[in-house]
Amino acid sequence: MTKKCELYLITPPSINNVAAFADVLAGALDAGPVAALQIRLKDCDDDMVCRAYEHLAPVAFARNVAVLINDRADLAHKLDADGVHLGQEDTPAVKARALLGPQKTIGVTAHNSRHLAMLAGEAGADYVAFGAFFESATKTPKMQATTDILSWWSELFEIPCVAIGGITAGNCAPLVRAGADFLAVCSGVWSDADGPAQAVRALNAAMDAA
């Protein structure tokens, strides 16, 4: 039986009012299945990340959604988050594992590189993330990925793969068909013209249809 592709939400890069955003998040999570939430606040200090976690994590946990911290294994450890997502310039996965222990989730960005993905797998990553697949409204992609890398990975490895970068309900089907286990989505949900809840519904419907 083919594993169902799941939605992996990423917060906006900045949140002006985390208490108000917690309500928005609740509405989005109530609209359809979401596997994980990554708190990704760029150019914010540690206190802001911690405040965001304090407001958003209970909303996610109440709905059985895992919460990961972007980039910072030390903050993930301090907050006892479910895990961390690491870029290539962040703490190596081996060191993150030593800090966080065997039960926490560690994801690693592999861009469009088969070599980096295999290194991440060898280092004990729980998932690898490929992208960007499309133009992103939240960051300038360092690399452009194609669906071939998803097909290659899913055929050869059991470690899940995440597709990221400009993903919406309208363009996600080829990624699902290529073998993505998760779709990581940011602006495709929070900036959707019909609102985040409708975006979550549409993404889940598109993944099911693919």
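No value in this document is a laboratory result; all are computed from the given coordinates. From a predicted model like this one, the values you see are computed outputs, not experimental measurements. Because the Cβ atoms are built from the backbone with ideal geometry, glycine has one as well, and the counts that use them run over all protein chains shown.
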Of the cross-linked pairs Lys3/Lys104; Lys78/Lys142; Lys3/Lys78; Lys4/Lys104, which ones have a Cα-Cα span greater than 27 Å in the structure shown?
Lys78/Lys142; Lys3/Lys78
Kirkwood Rh, angstrom, the chain [1 / mean 1/r, Cα pairs]
16.9 Å
Region 131-202: proportion of alpha-carbon pairs further apart than 15 angstrom, %
52 percent
Please compute the alpha carbon radius of gyration of region 56-155, then divide it by the globular-protein estimate 2.2 N^0.38 Å. Two decimals is fine.
1.12
Please return the longest range in the chain lying between exposed loop sites, taking GluC sites (Glu not before Pro), DSSP loop only, at most 16 other beta-carbon atoms within 10 Å, and leaving the sites out.
1-88
Please report the antiparallel percentage of DSSP beta bridges with both residues in the chain, rounded to the nearest 5.
0 percent
Considering the zone a paramagnetic label at Ala20 would reach in this model (a point 7 Å from Cα along the Cα-to-Cβ line), which residues of region 191-210 have amide N under 17 Å from it?
191-192, 195-197
Using a Förster radius of 30 Å, what is the FRET efficiency between Asn64 and Met143 based on their Cβ-Cβ separation? Nearest 0.05, please.
0.40
Show that you can apply the helix-only estimate: for the chain, add -39,500 (n - 2.57) for every DSSP H stretch of four or more residues, divide by all residues, and state [θ] at 222 nm to the nearest 500.
-12000 deg cm²/dmol
Quickly work out the His77-to-His115 label distance, labels modelled 7 Å from Cα along the C-beta direction, and quote it in nm with one decimal.
3.0 nm
Note: Leu156 to Leu99 extended length (0.36 nm per residue) minus current alpha-carbon separation gives 17.6 nm
Could you tally the net charge around Val24, taking each other residue with its Cβ under 12 Å from the Cβ of Val24, Lys/Arg +1 and Asp/Glu -1?
-3
Among the aspartates and glutamates, which have Cα under 18 Å from the Cα of Lys95 when same-chain residues fewer than 8 positions away are ignored?
Asp71, Asp74, Asp80, Asp82, Glu122, Asp126
